[in-house]
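Before any comments, here is the structure.
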Amino acid sequence: MSYVVGVDAGGTKTLALVSDLAGHVVGAGKAGPGNFQAIGVDLAKGQVKKAIDLALDAAGVTAEDLKAAFYGMAGADRPADFAIIEKFLTEINPAPRMGLENDATIALRAATGDGVGVVAVCGTGTNVIGFNREGRRVQVGGLGYMFGDGAGANHIGVLAVRMATRGQDGRGKPTVLYDMLCEKLHLKNLDDLVERFYPGSDERVHVAFLAPLVFEAARRGDEVACDILREVGEELAIAILAALRKLFPPNDAVKVVLSGGVFANTDDPVMTATLKARVLGEFPAAEFILLKDPPVLGAVLLALDLAGVEITPGVRDTLWRTWKTHL
């Protein structure tokens, strides 16, 4: 029997799914982050290989049984990035056919079926990618704060610390975020974070895990938290619109996919509403899809494409029905 493997290597974790050619998921593997830009080539390669090996072991499948593999990779942004990633994937890829794209692309395929539309990923970081019906690809952002990105859980966490500090010392509005952050971080004063953020400390702080506090404070009606989420929603909308304008006419009923942990795992009273209002003001027929299923399913669909499988409704339904028993 023949199989394919799909991989989603993100900034927080790497997932691999093994499926037969009818869409039955038979094994899954999970490992650490696979973004080489964040952790380096060797570590990223090791985590991707670990996820694949675990999935193959769980499925009882060998490399000889595989027809194709598709990799959705965080950090695959520029041609130079693709060259680096393709080189290290070639060293560990177990399948005779291999495909590679940015991890946002697999989310778009998972949500739309045909891969046409625009996807905004808001996870640890953020990225926007779109494809039109002619196959033209546009990417907006994905390189971090210095290069214009203004969203993602880590960015929201930074804004939380920043605005809580400003509220506490009188430069900004008072906010419940100050006490919430101190409690979460087990600190008496928020400025005790200085040793962790700046040189001289052995501890590197990632603040994406603080983002849920901003959503909680917004649900309580905290004005500062709501302002943060409005700002992030506006930034996401600006990136989405930049991609839409290059790919679709304003009256097109284009699909806009919202993907990533920030969208999927938060009860959001402000950010998504802000984003939608801004986009609909220019593309009134846009259809929003919130992807709550794992984007790795899109990688499996793309691997099945490589294997020459026609993606019928039955194949897709089988894939969606069987993955839950493995992840």
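Being in contact with a strand residue (DSSP E or B) (Cβ under 9 Å, 6 or more places away or on another chain) and either touching a residue at least 12 places away in the same chain (Cβ under 8 Å) or basic (Lys, Arg) (or both) is a property that residue 269 lacks.
Of everything in the stretch 33-71 that is in contact (Cβ under 8 Å) with a residue 60 or more places away in the chain and surrounded by fewer than 22 Cβ atoms within 10 Å (Cβ to Cβ), the residue that is farthest from residue 96 (Cα to Cα) is 58. Screening residue 17 against (1) closer than 22 Å to residue 312 by Cα; (2) more than 22 Å from the chain's Cα centre (by Cα) leaves a single unmet condition, (2). The selection criterion, being assigned to a helix (DSSP H, G or I), in contact with a Ser or Thr (Cβ under 7 Å, 6 or more places away or on another chain) and small (Gly, Ala, Ser), does not hold for residue 55.
Within the stretch 11-59, the set of residues being within 24 Å of residue 321 (Cβ to Cβ) and modelled with pLDDT under 95 comprises 13 only. Is it the case that residue 29 is touching a residue at least 40 places away in the same chain (Cβ under 8 Å), under 19 Å from the mean Cα position of the chain (by Cα) and surrounded by 21 or more Cβ atoms within 10 Å (Cβ to Cβ)? No; evaluated as a whole, the condition is false for this residue. Does residue 242 qualify as being farther than 23 Å from residue 157 by Cα, touching a residue at least 40 places away in the same chain (Cβ under 8 Å) and surrounded by fewer than 22 Cβ atoms within 10 Å (Cβ to Cβ)? Yes: the conditions hold for residue 242.
Hey, among the residues in the stretch 145-192 that are among the hydroxyl-bearing types (Ser, Thr, Tyr) and crowded, with 20+ Cβ neighbours inside 10 Å, which one's nearest to residue 206 (Cα to Cα)? My answer is 178.
The values are calculated or read from the model by the stated rules, or taken from the named source; none is laboratory data. Being a predicted model, the structure only gives us computed values, none of them experimental. Ideal geometry is used to build each Cβ from the backbone, glycine not excepted, and the neighbour counts take in all protein chains shown.
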